[in-house]
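Asks: Starting off with a structure, shown below.
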Amino acid sequence: NAGVTQTPKFRILKIGQSMTLQCAQDMNHNYMYWYRQDPGMGLKLIYYSVGAGITDKGEVPNGYNVSRSTTEDFPLRLELAAPSQTSVYFCASSYGQETQYFGPGTRLLVL
Amino acid sequence: GDSVTQMEGPVTLSEEAFLTINCTYTATGYPSLFWYVQYPGEGLQLLLKATKADDKGSNKGFEATYRKETTSFHLEKGSVQVSDSAVYFCALREDSNYQLIWGAGTKLIIKP
C-alpha cells in the first residue's frame with residue numbers, strides 16, 4: 001500500500017498565482033485532513049472531510065479551498081497565493097476518529 | 001481552548017543517553033493523548049497513545065504515562081540511538097471531537 005501520497009514535494013509560487021496540492025490515500029479512509037505547519041508551531045487544521053462530497057473548515061481556512069469528489073482524493077486549492085501561505089502542508093487520513101496517517105508533506109514557498 | 005505545550009528544541013543527546021521530552025496540556029474534557037514522530041523527509045507517524053488517566057503508551061522503547069493530576073504526557077526512552085533522531089509531536093484529542101490539537105514539536109538530535 002502507498003498510504004497517503006502528496007504531490008508536489010516542493011513548489012515556489014509568485015504572489016497572486018494559484019495552485020493545487022494533491023493528496024490521495026489508498027486505505028479507504030473516510031476522513032481526510034489538510035494541515036499546515038509553520039516553523040516553531042504545531043500543525044494547524046485547514047480543512048477536513050468526513051466523506052466524499054462533504055467538507056468543512058478547520059482552524060485556518062482563509063485563502064484555501066477543498067473538494068472531495070472521491071473517497072481517495074482530497075486536493076487543496078490556493079487561489080491567490082500570499083507570502084503568509086509559505087508553509088509545509090500535510091495531508092492525513094483516518095477511519096473515523098482512529099489513528100491519522102500522514103503524507104510526506106509539500107513545502108510551499110510564496111515569493 | 002485546548003492546548004498542548006512541548007519543551008523547545010533542539011534536544012541534543014549522546015547515544016545511549018536517557019531521553020525525556022516534556023509535554024503538558026490544557027483541556028476542558030477527558031482527552032486522548034498522542035505522540036507522533038517525524039523522521040527526516042517523511043510524514044508524521046503515530047508513536048504511541050493513551051486514552052485515559054494513568055494509561056501508559058509504549059512503542060519502540062519509548063513510553064509515556066497519562067498524568068491527569070499534572071496534565072502531562074512526557075515522552076521517555078531509556079537508551080536512545082542515532083536512528084531516533086527526528087521531530088516529536090505531542091497532541092491531544094477530546095473524546096467528542098475528531099480534531100487533533102498539536103504541540104509545536106521537539107527536534108531530537110542523537111550524536112554517536
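Asks: How many of the residues making up region A:1-49 are charged (D, E, K, R) and in a loop (DSSP other than H, G, I, E, B)?
Replies: Final tally of qualifying residues: 4.
Asks: Follow-up question, since we're still on this one. Would you confirm whether or not region B:12-24 contains a residue that is modelled with pLDDT under 95 and in a loop (DSSP other than H, G, I, E, B)?
Replies: No, every residue in region B:12-24 fails to be modelled with pLDDT under 95 and in a loop (DSSP other than H, G, I, E, B).
Asks: Further, regarding this structure: Within the bounds of region A:64-85, is there any residue that is within 14 Å of another protein chain (Cβ to nearest Cβ), surrounded by 13 or more Cβ atoms within 10 Å (Cβ to Cβ), within 20 Å of residue B:44 (Cβ to Cβ) and not aromatic (Phe, Trp, Tyr)?
Replies: No: zero hits.
Asks: What is the number of the single condition among (1) touching a residue at least 24 places away in the same chain (Cβ under 8 Å); (2) at negative phi that residue A:45 does not meet?
Replies: Only one criterion is unmet by residue A:45, namely (1).
For (1) under 20 Å from residue A:87 (Cβ atoms); (2) within 13 Å of another protein chain (Cβ to nearest Cβ); (3) at pLDDT 95 or above, each residue gets a yes or a no:
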site: A:6; (1), (2), (3): yes, yes, yes
site: A:12; (1), (2), (3): yes, no, yes
site: A:15; (1), (2), (3): yes, no, yes
site: A:23; (1), (2), (3): yes, yes, yes
site: A:26; (1), (2), (3): no, no, yes
site: A:37; (1), (2), (3): yes, yes, no
site: A:43; (1), (2), (3): yes, yes, no
site: A:46; (1), (2), (3): yes, yes, yes
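Asks: Are any residues in region B:28-51 crowded, with 17+ Cβ neighbours inside 10 Å and over 15 Å from the mean Cα position of the chain (by Cα), and if so, which ones?
Replies: If the condition is that a residue be crowded, with 17+ Cβ neighbours inside 10 Å and over 15 Å from the mean Cα position of the chain (by Cα), then B:43 is the only one that fits.
Asks: Say we look at region B:41-59 and pick out the residues that are farther than 23 Å from residue A:107 by Cβ and in a loop (DSSP other than H, G, I, E, B); which of these is farthest from the other protein chains (Cβ to nearest Cβ)?
Replies: Here the answer is B:54.
The values are calculated or read from the model by the stated rules, or taken from the named source; none is laboratory data. All values derive from a computational prediction rather than experimental measurement. With ideal geometry, Cβ positions are generated from the backbone for all residues, glycine too; neighbour counts draw on all protein chains shown.
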